[in-house]
Amino acid sequence: MGVCVVDLPILWEDAALVAVNKPAGLRAIPDGYDPTLPHLHGLLSAQYGRLWVVHRLDKDTSGVMILARSAAAHRSLSLQFEQRETRKEYHALVCGAPDWEEREIDLPLRVNGDRKHRTVIDAAGGRAAFTFCRVLRRWGAFTLLAVYPRTGYTHQIRAHLAAVGLPIAADPLYAALARPAPPPPIQRTALHAFQIHFTHPIQAAPMTLQAPYPADLEEAIGRLGA
């Protein structure tokens, strides 16, 4: 899935950081096989100068992404992520109808656990992982969830939701691990980094940044609600 990025939607900028609503289809960092492909870090660096990547989003995941504008800000923000002092909220359109309104998924995970480089459930050798989920809306075969990862492993949300029979709509890697689902109303993995809570690295004040839904997710929800 390619994109042609003209203007990136900036959510916040100051001397310490810049935050953007990353479009789906845009890599966060250079591609390992073809570094000439466009990526968020490169596009923003061309505008702001040197930037430090604090955290990442998968290529097809949209939403809030923060980059630091100084080494000191990068150290502060990275430490908050490492010590789990940030609070991230994702919204996921999933296939299926859970029989609960809230649930903690606590299945141990092993990153890069199979030939497709998926994160897999591994009761014996995996690491403890926790994802809290809350139902936002229901449409029979599809459900919109608010998802709060307590740990931060690669593909954690995608693996955990698929493992409990609620694969994210249009997820090409993990949907096959769950039961067959109806055709999704969206053409990419329907996961959006909706908001993030953290402490400003210079002002030491609490901050919350929120990213509006992109057009494809808005349209998918609109079609389901019609």
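The values are calculated or read from the model by the stated rules, or taken from the named source; none is laboratory data. Predicted model, so just to flag it, every value in this text is computed and none were measured. Methodologically, a virtual Cβ is constructed for each residue, glycine included, from the backbone with ideal geometry; neighbour enumeration extends over all protein chains shown. Quick note on the areas: whole protein, heavy atoms, side chains included, nothing else; ligands and nucleic acids left out. Shrake-Rupley method; radii C 1.70, N 1.55, O 1.52, S 1.80 Å.
See the values below:
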item: Residue that is farthest from Thr131 (Cα to Cα) [pool: residues in the stretch 78-108 that are of a type in the set (Val, Ile, Thr) and in a strand (DSSP E or B)]; result: Val94
item: Every pair of residues 6+ apart whose Cβ atoms lie under 8 Å, when the first sits in the stretch 144-166 and is of a type in the set (S, T, N, Q) while the second is open to solvent by 20 Å² or more (accessible area, probe 1.4 Å) and at pLDDT below 95; result: Thr151/Arg84; Thr154/Asn112
item: Residue tally, condition over 13 Å from Leu161 (Cβ atoms) and buried (at least 19 other Cβ atoms within 10 Å of the Cβ), over the stretch 87-117; result: 3
item: Val54 being under 14 Å from the mean Cα position of the chain (by Cα), at pLDDT 95 or above, within 19 Å of Thr151 (Cβ to Cβ) and open to solvent by less than 10 Å² (accessible area, probe 1.4 Å); result: no
item: Where a residue in the stretch 25-48 is among the hydrophobic types (A, V, I, L, M, F, W, C) and its partner, wherever it lies, is in a helix (DSSP H, G or I), with Cβ under 7 Å and at least six apart; result: Leu26/Leu40; Ala28/Leu40; Ala28/His41; Ile29/His41
item: Top-ranked residue of the stretch 57-71 - restricted to ones that are among the aliphatic types (A, V, I, L, M) and surrounded by 13 or more Cβ atoms within 10 Å (Cβ to Cβ), ranked as nearest to Gln195 (Cα to Cα); result: Val64
item: Residue list for the stretch 58-73, restricted to those being in a strand (DSSP E or B) and more than 12 Å from Val18 (Cβ to Cβ); result: Ser62, Gly63
item: Given (1) part of a loop (DSSP other than H, G, I, E, B); (2) open to solvent by 20 Å² or more (accessible area, probe 1.4 Å), number of the condition Ala129 does not satisfy; result: (2)
item: Single match in Ile202, Ile186 (criterion: open to solvent by less than 20 Å² (accessible area, probe 1.4 Å) and of a type in the set (Val, Ile, Thr)); result: Ile186
item: Complete set of residues in the stretch 190-217 that are closer than 25 Å to Gln156 by Cβ and assigned to a helix (DSSP H, G or I); result: Asp216, Leu217
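Residue by residue, here is whether (1) under 23 Å from Pro212 (Cα atoms); (2) aliphatic (A, V, I, L, M); (3) part of a loop (DSSP other than H, G, I, E, B) holds:
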| site | (1), (2), (3) |
| --- | --- |
| Gly32 | no, no, yes |
| Thr36 | no, no, yes |
| Arg56 | yes, no, yes |
| Ser76 | no, no, no |
